[in-house]
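Trainee: Encoded as structure tokens, here's the structure I'll be asking about.
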Amino acid sequence: MVSTKEKSEDLGAACEQVDAKEGRDADGVDPKCVESNASEASVELPSEAEEEDRDVGQPQKDTTEPKRQPVDPEMEVKNKISSMEEQLKEERDRYLRAVAELENFRKRATKERSELLKYAGENLARDLLEVVDNLELAAAQKPEAGAEEVIKGVGIVLEQFVNILKKHQITFGSYQGRPFDPSVNDALALVPSSDYVAGTVIQELKKAYFFKEKLLRPGQVVVSAAHEPAAVSSQAQALEEG
């Protein structure tokens, strides 16, 4: 868009060209040129006061830079040293925990491996105990006529079997006539008895076997009880809780 001032300048230049072409002197004035000069003179520029008032109305930008606090080099070095010491402490604690966990894992693995080697064949030995139980039952039977040699042969086989088990550190314990121990035997029944003190093993149905120092299989026993029904009931509850 062309401003009024530019239009006036163009019109004045055109008038000068016309005057030069027609040979007009300084007194010869073209009305159009007079009108253009008048319009040019009517364009007023804003005064300095108006410019100042306009500047006051607009928000002023703060161009001043914030003052920087002086940095103490010694304090900065101390802060860096403190931060590095804290990081070093955290890394040291993490390293010590990792070393401790590794050591514990190594000990557990060594113990498990040692027990695995020590009790190798445990499951096989536990299964063989069922055969021993059956041989003991057969050897304890009262022989019929003509079966004496058979029962005797069963007893010999049973003895050989037990010796083989002992050779591999598989042993049994006899607890008949001894106080009932729930950590070794399971009580299958309570029988009132006047011959034994209450809580005594009066019969072994299956022996308790050990593989080295470990209980391989708990025994199954019958335990004596008092004659009074209330005492028998309370003792049975105590055996179940034990």
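The values are calculated or read from the model by the stated rules, or taken from the named source; none is laboratory data. Keep in mind the model is a prediction, meaning the values are calculated, not measured. FYI the Cβ positions are ideal-geometry reconstructions off the backbone, even for glycines, and counts take in every protein chain you see.
Trainee: Out of (1) outside the structural domain of GLU213 (by TED's automatic domain parsing); (2) on the phi > 0 side of the Ramachandran plot; (3) in contact with a strand residue (DSSP E or B) (Cβ under 8 Å, 6 or more places away or on another chain), the odd one out for GLY177 is which?
Mentor: With (1) outside the structural domain of GLU213 (by TED's automatic domain parsing); (2) on the phi > 0 side of the Ramachandran plot; (3) in contact with a strand residue (DSSP E or B) (Cβ under 8 Å, 6 or more places away or on another chain) applied to GLY177, the lone miss is (1).
Trainee: Quickly run through the range 200-217 and pick out the residues that are over 18 Å from LEU137 (Cα atoms) and free of Cβ contacts under 8 Å to residues at least 40 places away in the same chain.
Mentor: Selection gives THR200, VAL201, GLU213, LEU215.
Trainee: Let me ask you something else. Determine whether the range 147-166 contains at least one residue that is loosely packed, with under 10 Cβ neighbours inside 10 Å and farther than 30 Å from LEU215 by Cβ.
Mentor: Yes, because at least one residue in the range 147-166 is loosely packed, with under 10 Cβ neighbours inside 10 Å and farther than 30 Å from LEU215 by Cβ.
Trainee: Here's something else I'd like to know. Quick check on my filter: what residues within the range 188-202 are surrounded by fewer than 16 Cβ atoms within 10 Å (Cβ to Cβ), of a type in the set (A, V, I, L, M, F, W, C) and closer than 14 Å to ARG178 by Cα?
Mentor: VAL197
Trainee: Among the residues of the range 122-142, what is the count of those that are surrounded by 14 or more Cβ atoms within 10 Å (Cβ to Cβ) and in a loop (DSSP other than H, G, I, E, B)?
Mentor: Here the count works out to 0.
Trainee: Scan the range 171-187 residue by residue and report those that are small (Gly, Ala, Ser) and buried (at least 16 other Cβ atoms within 10 Å of the Cβ).
Mentor: ALA187
Trainee: Name the residues in the range 200-227 that are assigned to a loop (DSSP other than H, G, I, E, B) and at pLDDT 90 or above, would you? Before you say what the answer is, go through the steps one by one.
Mentor: Just the residues of the range 200-227 that are assigned to a loop (DSSP other than H, G, I, E, B), to begin with: 207, 212-213, 218, 226-227.
Those that are assigned to a loop (DSSP other than H, G, I, E, B) and at pLDDT 90 or above: LYS207, PRO218.
Trainee: May I pose another question? For the range 156-182, which positions are aliphatic (A, V, I, L, M) and without any contact (Cβ under 8 Å) to a residue 24 or more places away in the chain?
Mentor: Filtering the range 156-182 for residues aliphatic (A, V, I, L, M) gives 156-158, 162, 164-165, 170.
Scanning the range 156-182 gives ILE156, VAL157, ILE164.
Trainee: Has the range 210-217 got any residue that is closer than 27 Å to LEU135 by Cβ and more than 46 Å from the chain's Cα centre (by Cα)?
Mentor: Looking through the range 210-217, none of the residues is closer than 27 Å to LEU135 by Cβ and more than 46 Å from the chain's Cα centre (by Cα).
Trainee: Are any residues in the range 153-196 under 22 Å from LEU124 (Cβ atoms), of a type in the set (A, V, I, L, M) and in a helix (DSSP H, G or I), and if so, which ones?
Mentor: Scanning the range 153-196 gives VAL157, LEU158, VAL162, ILE164, LEU165.
Trainee: Continuing with this model, one more query. Among the residues of the range 169-199, which ones are within 20 Å of ARG217 (Cβ to Cβ) and acidic (Asp, Glu)?
Mentor: Answer for the range 169-199, where residues must be within 20 Å of ARG217 (Cβ to Cβ) and acidic (Asp, Glu): ASP181, ASP186.
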